[in-house]
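Reading through the structure tokens given below for one structure.
The values are calculated or read from the model by the stated rules, or taken from the named source; none is laboratory data. Since the model is a prediction, treat every value here as computed from it, not as a measurement. Cβ coordinates were reconstructed from backbone atoms using ideal geometry, including for glycine residues, and neighbour counts include every protein chain displayed. Please note that ligands, DNA and RNA were not included when accessible areas were found on the heavy atoms of the full protein model with its side chains. Shrake-Rupley method; radii C 1.70, N 1.55, O 1.52, S 1.80 Å.
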Amino acid sequence: MDKLAFGFWGVYFGTATLMLAGSALAFSRSLHRISLNAGLSATASGFFVIAFLGGLPIENENTLARALAHIAMLVSGFLAYLLFSILGLLRGRKGRLQTRLALTVLVLGVMAAGWLLPPVPSLALGLGFAWTLGVVALAVSLRSAYRGDRLAWTAVLGVFFMLVAMLGLGWIALGRGQEAWPVHAVSALAGTAYLVTMAAALWTRYSYLIELHQVMAMGPSYDPVTRMRSHTETGQMVGNIFRRGREDLTGWDTAGTADAGEAGDVVAAADNAPPTPRRSGTVVGVMVVSIGNLYALERLHGMAAVNHALFVCAGRLRRAVPAYVEMGRFSADGFVLLLRDCKDSGQLIRLAHEVEVRLSKSVVLNTSLDAARRESEQTRWRAEIGVGVLLVSDPAAKASSVLASCKAMSRTAMSYASRVAWLDQTSGEAVELPVLEAA
């Protein structure tokens, strides 16, 4: 092997060693599944590379070809399973068992078929099977990515680099001693890129679990539960919009020491001072999102599960809402969204329906604070969402009355099929807001 090729492969194995060290660190933090996935991914891909570079102590070329064919099939099946696990496609014990069984039967069937062929064609079959399974994994990753899973885009890159590395290693194995150093360079760089992207995906999952452990332990007093504005900052936001000219919202800061998160404190703080009129002609879009089944969740599974539910709902809300929409916590079971200059009511209505759809998707909640048992103690939960929508054009409108009305409408909306309520100006009552027809 050329010295340049040795250098490129040295970079690969150095990256694999760092990934193993990182998995050991994750294991020490009791995140066993994350560390196991990282360690096994680095070990399996490293063994694949060593075998195809001629590192196996097998002298007979026919025996080596059959061994490499089996390694290609087994490692590709194993890495595909790990990828599905990282993407969260193996939720539930039944799904994991079915996937394991399907991959095992498929790999064993192709291995048996390989024995019907001569050694070198058997190796070609093994490489073809591994590459085909990689293409399937790429398609699954793309499907998850187009469904909104941002982590899946990292997996798409990782699988692409894996396919390139596998193609190069197959070329090296089939034409032993005849390959040029650029083939080694491309294969080693692609393999390194694969490890880096998989490490990035695992780190995203790892950091998520660390933050999740913190918010489940500390509860709503810890801002990363929602990673939004705190209740104090939400009060300041409302005050800036509905009482321009005031430096702060009277009574809000002092209420922070006495359960400032309750909706009653928001309304009381708003009533402490007369409103300063806003600029004439400005229309403020107000939306309150309420979650109706958090109390039942707390009674069944405890406050840790409620904190996890808020954590997930807030994350989905941030991803669904455009950057120009301001939002924050409102009461113990909801959020408030404000559009400072809402000239298009249809825009507000479409956003309300999108928020309801995003937040109503089911999620698997962890119910234990014990990191060692967290992944085994889970429950599937779906938020009961109600969205109250209001356009405020009166420059003298009080924030207290606006928020109270929106909150009441969000509660009423939970009884509607669309889960979105709007204030009918004619009757003064909350009415259902159906989904708008596409233009």
### Task
Name the residue, out of 159, 136, that is at pLDDT below 90, more than 25 Å from residue 21 (Cα to Cα) and not small (Gly, Ala, Ser).
136
### Message
Taking the conditions exactly as written (open to solvent by less than 20 Å² (accessible area, probe 1.4 Å), modelled with pLDDT of 80 or more and not basic (Lys, Arg)), does residue 336 satisfy them or not?
### Response
yes
### Query
How many of the residues in segment 8-54 are among the polar types (S, T, N, Q), under 17 Å from residue 78 (Cβ atoms) and either open to solvent by 70 Å² or more (accessible area, probe 1.4 Å) or modelled with pLDDT of 80 or more (or both)?
3
### Query
Restricting attention to segment 155-191, and to residues there that are open to solvent by 40 Å² or more (accessible area, probe 1.4 Å) and among the β-branched types (Val, Ile, Thr), which single residue is farthest from residue 121 (Cα to Cα)?
186
### Summary
Selection from segment 339-367 of residues open to solvent by less than 20 Å² (accessible area, probe 1.4 Å) and touching a His at 6+ places or on another chain (Cβ under 8 Å) yields 365, 366
### Task
Please work out if residue 65 is within 27 Å of residue 185 (Cβ to Cβ), surrounded by 15 or more Cβ atoms within 10 Å (Cβ to Cβ) and within 26 Å of the chain's Cα centre (by Cα).
no
### Query
Out of curiosity, is residue 131 in contact with an Asp or Glu (Cβ under 8 Å, 6 or more places away or on another chain) and over 30 Å from residue 320 (Cβ atoms)?
no
### Query
Restricting the first residue to segment 284-306 and requiring it to be among the charged types (D, E, K, R), which pairs with a second residue that is open to solvent by less than 20 Å² (accessible area, probe 1.4 Å) meet a Cβ separation below 8 Å and a spacing of at least six or different chains?
298/305; 298/306
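Here's the yes/no breakdown for (1) modelled with pLDDT of 85 or more; (2) out of contact with any helix residue (DSSP H, G or I) (no Cβ under 6 Å at 6 or more places or on another chain):
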{"residue": "101", "(1), (2)": "yes, yes"}
{"residue": "116", "(1), (2)": "yes, yes"}
{"residue": "150", "(1), (2)": "no, yes"}
{"residue": "153", "(1), (2)": "no, no"}
### Task
Considering every residue within segment 118-128, establish whether at least one is of a type outside the set (Val, Ile, Thr), within 30 Å of residue 320 (Cβ to Cβ), open to solvent by less than 20 Å² (accessible area, probe 1.4 Å) and touching a residue at least 24 places away in the same chain (Cβ under 8 Å).
no
### Message
Looking only at segment 409-439, filter to residues that are charged (D, E, K, R) and modelled with pLDDT of 85 or more; which one of those is surrounded by the fewest Cβ atoms within 10 Å (Cβ to Cβ)?
### Response
411
### Message
Given the condition within 25 Å of residue 17 (Cβ to Cβ) and not hydrophobic (A, V, I, L, M, F, W, C), answer yes or no: does some residue in segment 61-68 qualify?
### Response
no
### Query
Do you know which residues across segment 402-416 are among the polar types (S, T, N, Q) and free of Cβ contacts under 8 Å to residues at least 60 places away in the same chain?
405, 412, 415
